[in-house]
1. Can you tell me the relative contact order of region 101-197? Whole percent, Cα pairs under 8 Å, sequence separation 6 or more.
2. Please compute P(r) over all alpha-carbon pairs of region 32-124, binned at 10 Å starting from zero, and give each bin as a whole-number percent.
3. Given the convex hull of the Cα atoms of region 148-197, what is a quarter of its surface area in nm²?
4. Working from the pairwise distances between different alpha carbons, so that the mean of 1/r is found and then inverted, what is the chain's Kirkwood radius in Å?
5. Can you sort 39, 83 from fewest to most other Cβ atoms within 10 Å of each residue's own Cβ?
6. Could you compute the FRET efficiency for residue 68 and residue 18, with r as their C-beta to C-beta distance and R0 at 30 Å, rounded to 0.05?
7. With the contact rule set at Cα under 8 Å and sequence spacing of 6 or more, what percent relative contact order holds for the chain?
8. Can you put 195, 106 in order of Cβ neighbours within 10 angstrom, beginning with the fewest?
């Protein structure tokens, strides 16, 4: 996928005029890309459109309109756009209660490395967590992690042959049996790799 440039973004005024329609479009697009793993873990698969939305919202919230500020946002979010041969996702650990969330973040140290994604019954897809960030603190994990999933050439061929994607969690304090993704999610993720469904 092509990375975003300033030319791809709307001005603050244009975005204000188009925001409601654009937001509806993005929310519908994100729905099959958002995978709930149990009650408290969500994996959001990112792409060019989801990152354009993030950038537009940041520019709006921070009232950024100068080239240097826009370039900073592009530099921050472009690495989360898949490269055409991989998936990139945001892993969210979500608890409404603050005390429960803090306890979970202590208990779930290493959760970002415990995702297990498979194509059919093949070996797990290679996973790389928080590549551009300092590693987690040992006593507690973060509530948000950035994940790159790098399928092998064999995984991609298996997807072309119709094999399905499943995702689970294998962590000492969080076992989530693999779930096979729904058809609309399969289609979106296959599309990220140029595989038609």
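1. Details: 134 pairs, mean separation 29.2, N = 97.
About 30 percent, as a whole number.
2. Per 10 Å bin, starting at 0, the Cα pair percentages come out as 13, 34, 33, 18, 2.
3. Over every viewing direction, the Cα hull of region 148-197 projects on average to 4.0 nm².
4. Values: mean 1/r = 0.0556 Å⁻¹.
Its Kirkwood hydrodynamic radius stands at 18.0 Å.
5. Sorted ascending by nearby Cβ count, the order is 39, 83.
6. For residue 68 and residue 18, the calculated efficiency is 0.80.
7. Reported relative contact order: 22 percent.
8. Working: 195 18, 106 12.
The order, fewest Cβ neighbours first, is 106, 195.
Computed from the coordinates by the stated procedures, all read-outs in this text should not be read as laboratory data. Remember, it's a predicted structure, so these values are computed and weren't measured experimentally. Every residue, glycine among them, receives a Cβ derived from its backbone with ideal geometry; neighbour counts consider all protein chains shown.
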